[in-house]
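Structure, as structure tokens:
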Amino acid sequence: MRFSCSLNRASRLVITIFHRGIRRKLLCFTLIMSLLISSCSALFLWQMSALAMAAFNKASDSADRSSPLSKSSLAARQEDTLADRIARVTRIRISPIKIVGYQDQVIIFSAVPTDALDNVIQGVKFTWESSNPDKVQIDDAGRATFLQPGLARITCRAGLIEATAPVLVRPGHRPVQTDIEWRLDQAALNANGTVIGKANNSGASTRLLASLTDNALIALSARSNGYNAAAYSDTTGSGLRNLAGSSSKTRPAPGRRNSSSAKATSISATAYPQNGGGGGGNDFPYDELWSEPRNLTGSPRNRIIEPTRIGPVLPESSNFEMAIPIVSVGGRGIGASVALSYNSRVWSRHGNAVTFDAIQSWPSPGFTLGFGRIVAYGPANATKYILIDPDGTRRYLGVGGTRDQNVTLQTQDGTHITYVGNGSWGGTLYYPNGTRATISLDNNRLVTTQITDTNGNYFTIIYNSVTCEAGCFEYCYCPIYWPPLTIDHITDSLGRIIQFNYDADLKLISITAPGFGGTVQNPVTRTVAQFDYESRTVSGNFSGLTVENRPITSVSFIKHIYFPATQTGLLFSYSDFGMATSVSLRRQMTVSGSVISDGVESASVSFNYPQSGTLTDAPAFTQRTENPGGTFSYSTSDDTVAQTRTITITLPDTTQQQPTASQVLLTRSTNASSIANGLMVQSEIKRGSTSYAKSVVNYANDPGGYKQVQSVIAYDDAGAGVKTDFDYDQYGNVLNKREYGY
């Protein structure tokens, strides 16, 4: 898993090669070496985005030096102590504000401290306490374990200021729940700790769903802005129908959390399925998402990947992936970093069906802003598990027992990432470098909520779940149910907070981070990124295919990403089918209210996806155009004898002296009986019939039973080869590397 974004040596080399035209031999070697890079390094950042981030840091440093809090004044004043910071705290906002869980479930609690003016106080350390440790235990990092049925109250303290959150633990293991059932379950507990109606420890709210009509269920699901509290007094079918029935309500604009302003929202029953602030609104998993090359996203290991200046391109799945660094807060051991990733493969194929946003996106279709999650699916007695990386890469973990049965599984691609847990309430991911990630249930999704290094340093990711409207916090009779995957804030072991801010429609509009030179008397935060959106209806015009998971209402797509410190950013353009057809790097951007201007283009990349019309397959491209740079063309050929498929990429490098363009040929195995099936086995650079460099890759299982690169043979323009062999331990680590001459 990638917890911070930086250009690794291989990605820098690739960028240099494409940008300056260094010898083709080095390019071929780099393509092969990229196969050996772990998933953490395989994501190639867009060079210009990285430069923008560097410029932002430089601008921030310059602003610090020119401000009254310059280095000399900083040296003169006394540094804030922990006691100073705690003394300024006047309110603690705890998350989640309440939770209904089940035995053995693990939930991460966090808190945001503010002063009298509602400014966030950075660097505050909290103490955590459970009112009933026999039922709920909580550690210093806010990690709570539910042990026995009953009520408990979690208390968070900073000095004399405290905040509490009630916990209701139900008996037994958490059942598999729909989003409607999960919301009804959470509705059984008030923010003041009272249990509502008969739905206390019996799970009655879940069982009563059988008495609801389909229309009532649809209305209930659509009403994410809150329910009528009077209906809770009647836990009969009639009462729950009342709970689902009202179609209009007044809700305040949340802003960072909640505010006093309000807007009227009317949601009809036809709004289902909701888009959830991202794509189709629900996960729609199946095996082909990780096994079929035409559906791959992110940076899958040892597959056909073309390194480009924008990021990895997967020609076979017509997917381009780019990482946009947002902010990095360095810390002890492990620092909290935020990066936004985009994958253009928003339509997937299986059988005779095409699925939109099969693994739910956020904050808009194709985008991933998070730290990975687990998706469980399949038969009731044979649950399958997929690990979703922060960059959108899907890694199959394997198959276990029932959804609530604890299993130990490893990724099948040789990365040796181990998951110990279940598909109902989560578990722990263990990485070969010793890092571990806590997987918890949030908004009925299994998401990463805490990442810890080998020395115990950690950072915590808190998601928006159930919040309360202004004026009704104590009882929370009018809850706001947030779309899944929306992050509230990230905090590290030093108490620093990265805050995510939202508009009245619960769309992410900005991210703020600790500023430079602030004090507890004058807290400073900086806005590191802003977002705006355009509303689009996703076309479902496919011929001969069953269309799945397409949102029937309009969806908000990210239009601009803006970095205020440098007035630079990105502009996205989309086709009717919902994928980005072009990405433009901009400068001289401005903001007016919530609208971000286009600014002036510095560079762009576009793909010739179909803009509209009727399609017979998932949308695909055959050309990539870089400005500056030229047009790259893609073609595919199959060798039925050798059982291989070759992707040919034609480069825009013709001249009067060289009228024949160079080509990069990337070949994978299609032999189902071969260990290399689906994996890249050869790369070659040619101009006409002349081969300038070629590399051949062979695979074997490591002692742990997973595929690894066994050897690489690199040929120069004279046909002379150099071979490199690798030996591995049972965890996929390279033990020996042997090199052979010509």
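The values are calculated or read from the model by the stated rules, or taken from the named source; none is laboratory data. On a predicted model such as this, the values are computed, not experimentally measured, just so you know. Here Cβ is always computed from backbone atoms with ideal geometry, including for glycine, and neighbour counts include all displayed protein chains. Surface areas here come from the heavy atoms of the whole protein model, side chains and all, with no ligands, DNA or RNA. Shrake-Rupley method; radii C 1.70, N 1.55, O 1.52, S 1.80 Å.
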(request) Report yes if Asp727 is more than 30 Å from Pro432 (Cβ to Cβ), open to solvent by 30 Å² or more (accessible area, probe 1.4 Å) and not aromatic (Phe, Trp, Tyr), otherwise no. (result) no
(request) Only residues that are farther than 16 Å from Leu446 by Cα, of a type in the set (A, V, I, L, M, F, W, C) and surrounded by fewer than 18 Cβ atoms within 10 Å (Cβ to Cβ): list them for region 164-195, please. (result) Val195
(request) Kindly indicate the residue of region 600-619 that is open to solvent by less than 50 Å² (accessible area, probe 1.4 Å) and part of a loop (DSSP other than H, G, I, E, B) and also nearest to Ser348 (Cα to Cα) among those meeting that condition. (result) Ala618
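Just checking, how many residues over region 396-408 are within 13 Å of Tyr706 (Cα to Cα) and either open to solvent by 20 Å² or more (accessible area, probe 1.4 Å) or of a type outside the set (A, V, I, L, M) (or both)?
2
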(message) All but one of (1) out of contact with any Lys or Arg (no Cβ under 7 Å at 6 or more places or on another chain); (2) open to solvent by 60 Å² or more (accessible area, probe 1.4 Å); (3) without any contact (Cβ under 8 Å) to a residue 40 or more places away in the chain hold for Ser674; state the number of the condition that does not hold.
(response) (2)
(message) So in region 114-143, with the set limited to residues that are under 27 Å from the mean Cα position of the chain (by Cα) and among the small types (Gly, Ala, Ser), which one is farthest from Tyr458 (Cα to Cα)?
(response) Gly123
(request) Consider Tyr419 carefully, then state whether it is assigned to a strand (DSSP E or B), open to solvent by less than 20 Å² (accessible area, probe 1.4 Å) and either at pLDDT 95 or above or farther than 25 Å from Ile305 by Cα (or both). (result) yes
(message) Cβ-Cβ under 8 Å, sequence separation 6+ or interchain: first residue in region 159-177 and of a type in the set (Ser, Thr, Tyr), partner open to solvent by 50 Å² or more (accessible area, probe 1.4 Å). Which pairs?
(response) Thr164/Arg153
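Which one is nearest to Thr491 (Cα to Cα), of the residues in region 81-97 that are within 25 Å of the chain's Cα centre (by Cα) and outside any strand (DSSP E or B)? Step through it out loud before you land on a result.
Here is the first cut: in region 81-97, the ones within 25 Å of the chain's Cα centre (by Cα) are 93-97.
Subset that is outside any strand (DSSP E or B): 96-97.
Details: Pro96: 14, Ile97: 17 Å.
Among them, the one singled out is Pro96.
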(request) List every residue pair whose Cβ atoms lie under 6 Å apart, where the two residues are 6 or more positions apart in sequence or sit on different chains, the first residue falls within region 590-614 and is more than 21 Å from Glu321 (Cβ to Cβ) and touching a residue at least 60 places away in the same chain (Cβ under 8 Å), and the second residue, located anywhere, is surrounded by fewer than 11 Cβ atoms within 10 Å (Cβ to Cβ) and of a type in the set (Gly, Ala, Ser). (result) Thr614/Ser543
